[in-house]
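Read the structure below first, then the notes.
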Amino acid sequence: MNIDNNDILIRLRYALDIKNTEMVEIFKLGGIELSKDEVLKVLTKSMDMDELEIEDQIPCDDEMFESFLNGFITFKRGKQEPKPGQPEKPAITYEHVNNLLLKKVKIALSLTSEDMIEILELADVVMTKSELGAILRREGHKNYRICGDRYARNFLKGLAIRYRG
């Protein structure tokens, strides 16, 4: 089963125990204005669609997802003044969603590569430092690798074990 952006947000919210009001604030910090009701519609699983009207779910596209992650970094680490010549807010990269998840959560939570490997191990997944490095590289780098859904899902599972366990 493919993991979609809405599902990733649901799992991330659960793993880190992020409150609905904090979700609204994080989206706002990322440049997206959503009401609490709209956030709840983003946090609706797409497989629940049989029971819901289609308009009851707001799909989280890649731009919205990356904006959320940028807002999450600001939420956790505070607003940083842009350096001269830097844009006010980070540009949307449209990089692979799972790679973005690992990179931006690593930054937001100030995790080391060792921390991330330990988080994956909590979910019974072994990843070498070089495999992780390939996932964290900039897209286009010769050693860049796309992060598969299995790693993303287990990273979120490991976060839940570490932060909620």
Kindly check whether there is at least one residue in region 94-115 that is surrounded by fewer than 15 Cβ atoms within 10 Å (Cβ to Cβ), within 17 Å of the chain's Cα centre (by Cα) and at pLDDT below 95. yes
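Being modelled with pLDDT under 95 and open to solvent by less than 40 Å² (accessible area, probe 1.4 Å): is that true of Gly71 here?
no
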Of those in region 133-153 that are part of a helix (DSSP H, G or I) and in contact (Cβ under 8 Å) with a residue 24 or more places away in the chain, the residue most open to solvent (accessible area, probe 1.4 Å) is Arg150
Write out, first by first residue and then by second, each pair whose Cβ atoms fall under 7 Å of each other, whose residues are 6+ apart or on separate chains, and whose first residue, in region 26-44, is crowded, with 16+ Cβ neighbours inside 10 Å while the second is acidic (Asp, Glu). Lys41/Asp56; Thr44/Asp56
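The values are calculated or read from the model by the stated rules, or taken from the named source; none is laboratory data. Keep in mind it's a predicted model, so treat the numbers as computed, not measured. Here Cβ is always computed from backbone atoms with ideal geometry, including for glycine, and neighbour counts include all displayed protein chains. The accessibility values were calculated without ligands, DNA or RNA, using every heavy atom of the protein model including side chains. Shrake-Rupley method; radii C 1.70, N 1.55, O 1.52, S 1.80 Å.
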